[in-house]
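The values are calculated or read from the model by the stated rules, or taken from the named source; none is laboratory data. Only a predicted model underlies this, so the values are computations on that prediction, with no experimental measurement involved. With ideal geometry, Cβ positions are generated from the backbone for all residues, glycine too; neighbour counts draw on all protein chains shown.
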Amino acid sequence: MNHICVGDKGEQSAALYLRKLGYKIIAANYRASTGEIDIIARDKEYLVFVEVKTRRSLACGSPAEAVNVKKQQKIIKTALCYLNQHKLTDHDCRFDILEIYLLPGAIKYNHIINAFGS
């Protein structure tokens, strides 16, 4: 399975996982000139921008470690584009990271709520 297939499987699994938690998925793979957001969802009063990181092993570190400050800034700018485009600038928002581990015969999730931003 190449890295694109791994990423796609991770994002599909993430959407199912979030729905089971009661999140309403609003958009997937939202793109703007500033970047991409994997999943945009509603969780109660929050509009949640979710960065999904999928790994088959920890050889390259944890998935969340890949969401460095530069990547966070890019996600925040893209979220602002989404908020402005949809006239949602008065909504409470947060940024989550959803780590997904594709293990032999199992999928493990680590959901980091309010992982960055203010």
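Things to note:
- Qualifying residue in the stretch 53-73 (condition: within 14 Å of I97 (Cβ to Cβ), among the hydroxyl-bearing types (S, T, Y), within 12 Å of the chain's Cα centre (by Cα) and surrounded by 16 or more Cβ atoms within 10 Å (Cβ to Cβ)): yes
- For the stretch 48-100, a residue qualifies if it is more than 17 Å from Y17 (Cβ to Cβ), touching an Asp or Glu at 6+ places or on another chain (Cβ under 8 Å) and acidic (D, E), and exactly one does: D92.
- The listed residue being surrounded by fewer than 12 Cβ atoms within 10 Å (Cβ to Cβ), among the aliphatic types (A, V, I, L, M) and at pLDDT 95 or above, out of L21, L83, L47: L21
- In the stretch 41-98, the residues that are among the hydroxyl-bearing types (S, T, Y), assigned to a loop (DSSP other than H, G, I, E, B) and touching a Phe, Trp or Tyr at 6+ places or on another chain (Cβ under 9 Å): S57
- The stretch 86-103 - residue that is closer than 18 Å to C60 by Cα and not aliphatic (A, V, I, L, M) and, of those, surrounded by the fewest Cβ atoms within 10 Å (Cβ to Cβ): Y101
- Close Cβ contacts (under 6 Å, 6 or more residues apart or on different chains) running from residues in the stretch 92-118 that are basic (K, R) to residues that are part of a strand (DSSP E or B) comprise R94/Y46; R94/V48; R94/N114; K108/Y101.
- Cβ pairs under 6 Å, 6+ apart, first in the stretch 36-52 and touching a residue at least 24 places away in the same chain (Cβ under 8 Å) and farther than 12 Å from G117 by Cβ, second in a strand (DSSP E or B) and small (G, A, S): I39/A28; I40/A27
- Filter result for the condition that a residue is farther than 22 Å from K9 by Cβ and more than 12 Å from the chain's Cα centre (by Cα), over Y101, Y46, Y23: Y46
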